[in-house]
Amino acid sequence: MSTAPLKYRRILLKLSGEALMGNVDYGIDPVVISDLAAEIVAVQRAGAEVGLVIGGGNIFRGAGLAAAGMDRVTGDHMGMLATVINALAMADALEKQGGFARVMSAIKINEVCEDYIRRRAIRHMEKGRIALFAAGTGNPFFTTDSAAALRASEIGADLLLKATKVDGIYDADPKKNPGAKKFDRLSYDEVIARNLQVMDTAAFALCRDNQVPLRIYDMMQPGALMRILRGEDLGTLVCA
Ligand code: UDP
């Protein structure tokens, strides 16, 4: 493997809740979370300052609960609490891999984790602790994609990474269209003009307005995170 110096100093990695499910139907697959944690600790040890946002879709999503008849805001509160559960699990997995982690929540739950305070988050990362930003933005009607774009902008991340199950952005669904074309690089405006569903619009607008470059990559490819940080062009880069 390449030992090139890291191209990015500070990153924000967004994992969906479903990323933690692996082969289980609900909740967290212990093997998958442990493998993901090992990759994250490796890049931190290589010198990256790492912030993490994890979704909650493996447990609850407010929109799904609302469709089943629940009040939407209550559903979103449950979704945000689900992200705290995932962040606690990931912090544990990171520490099992020898890393140091701090969970910071956008909703006050002081007995289980710290409050999100931007300067403290940056200090954690500078000291080699992986900062897990839990409870999304703390507000209903948002997603953890928006939380990732928000935190990446706040902490001055050099790169926002969105780990997905496909290896980048295509002009059509590659699972349904074998001829779908993958983009190596797109501008923010191209993503909007082509209506490519990279992230939700609020998230994407934040990245564009704050000039946070975004890379979409395949999290199932072992070592991909480290390769990207060393400068390889895996997945699709969205930038100005
Ligand atoms: N959520 C919210 N505000 C936020 C972030 C998340 O209300 O700022 C809720 C929302 O209900 C969402 C759920 O938390 O559906 C889980 O987050 P998300 O759907 O983004 O998780 P992912 O799809 O990434 O697993």
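The values are calculated or read from the model by the stated rules, or taken from the named source; none is laboratory data. No experiment lies behind these values; they were computed from the predicted model shown. Ideal geometry is used to build each Cβ from the backbone, glycine not excepted, and the neighbour counts take in all protein chains shown.
Any idea which residue in the stretch 54-71 is farthest from ARG123 (Cα to Cα), counting only those that are more than 8 Å from the ligand (Cβ to nearest atom) and outside any loop (DSSP other than H, G, I, E, B)?
Checking each candidate, the answer is ALA67.
Need a quick list: helices (runs of 4 or more DSSP H) entirely within the stretch 170-240 having at least 3 residues that are surrounded by fewer than 19 Cβ atoms within 10 Å (Cβ to Cβ). Even if it seems obvious, please write down each step before you answer.
Working: elements: 188-193, 201-209, 224-229.
Because the criterion is at least 3 residues that are surrounded by fewer than 19 Cβ atoms within 10 Å (Cβ to Cβ), the helices (runs of 4 or more DSSP H) in the stretch 170-240 that meet it are 188-193, 201-209.
Filter the stretch 106-156 for residues that are in contact with a strand residue (DSSP E or B) (Cβ under 6 Å, 6 or more places away or on another chain), without any contact (Cβ under 8 Å) to a residue 24 or more places away in the chain and assigned to a helix (DSSP H, G or I) and give the result.
The answer is HIS124, and nothing else.
Within 13 Å of the chain's Cα centre (by Cα) and crowded, with 20+ Cβ neighbours inside 10 Å, is that true of LEU132? Even if it seems obvious, please write down each step before you answer.
On the way: within 13 Å of the chain's Cα centre (by Cα): yes; crowded, with 20+ Cβ neighbours inside 10 Å: yes.
Yes: the conditions hold for LEU132.
Each row is one residue, and each column tells you yes or no for (1) more than 16 Å from the ligand (Cβ to nearest atom); (2) among the hydrophobic types (A, V, I, L, M, F, W, C); (3) modelled with pLDDT under 95.
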position: SER2; (1), (2), (3): yes, no, yes
position: ILE11; (1), (2), (3): yes, yes, no
position: LEU15; (1), (2), (3): no, yes, no
position: GLY22; (1), (2), (3): no, no, yes
position: ILE33; (1), (2), (3): no, yes, no
position: ALA38; (1), (2), (3): yes, yes, no
position: VAL41; (1), (2), (3): yes, yes, no
position: ARG45; (1), (2), (3): yes, no, no
position: ALA48; (1), (2), (3): yes, yes, no
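What number of residues within the stretch 157-169 satisfy the criterion of being over 12 Å from THR236 (Cβ atoms), in a loop (DSSP other than H, G, I, E, B) and within 16 Å of the ligand (Cβ to nearest atom)? Lay out the reasoning, then the answer.
Keep residues of the stretch 157-169 that are over 12 Å from THR236 (Cβ atoms), which gives 157-160, 163, 165.
Still in the running and in a loop (DSSP other than H, G, I, E, B): 157-158, 165.
Within this subset, residues satisfying the condition of being within 16 Å of the ligand (Cβ to nearest atom) are 165.
Looking only at that region, the number is 1.
Considering only the stretch 84-103, how many residues are assigned to a loop (DSSP other than H, G, I, E, B) and either within 11 Å of the ligand (Cβ to nearest atom) or surrounded by 18 or more Cβ atoms within 10 Å (Cβ to Cβ) (or both)? Steps first, please.
First, pick out the residues of the stretch 84-103 that are assigned to a loop (DSSP other than H, G, I, E, B): 97-100.
Of the ones still in play, those that are also either within 11 Å of the ligand (Cβ to nearest atom) or surrounded by 18 or more Cβ atoms within 10 Å (Cβ to Cβ) (or both) are 97, 99.
Going through the stretch 84-103 one residue at a time, the tally reaches 2.
Each row is one residue, and each column tells you yes or no for (1) within 10 Å of the ligand (Cβ to nearest atom); (2) of a type outside the set (S, T, N, Q); (3) within 25 Å of SER34 (Cα to Cα).
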| residue | (1), (2), (3) |
| --- | --- |
| GLY79 | yes, yes, yes |
| ALA82 | yes, yes, yes |
| SER105 | no, no, yes |
| GLU126 | no, yes, yes |
| GLY136 | yes, yes, yes |
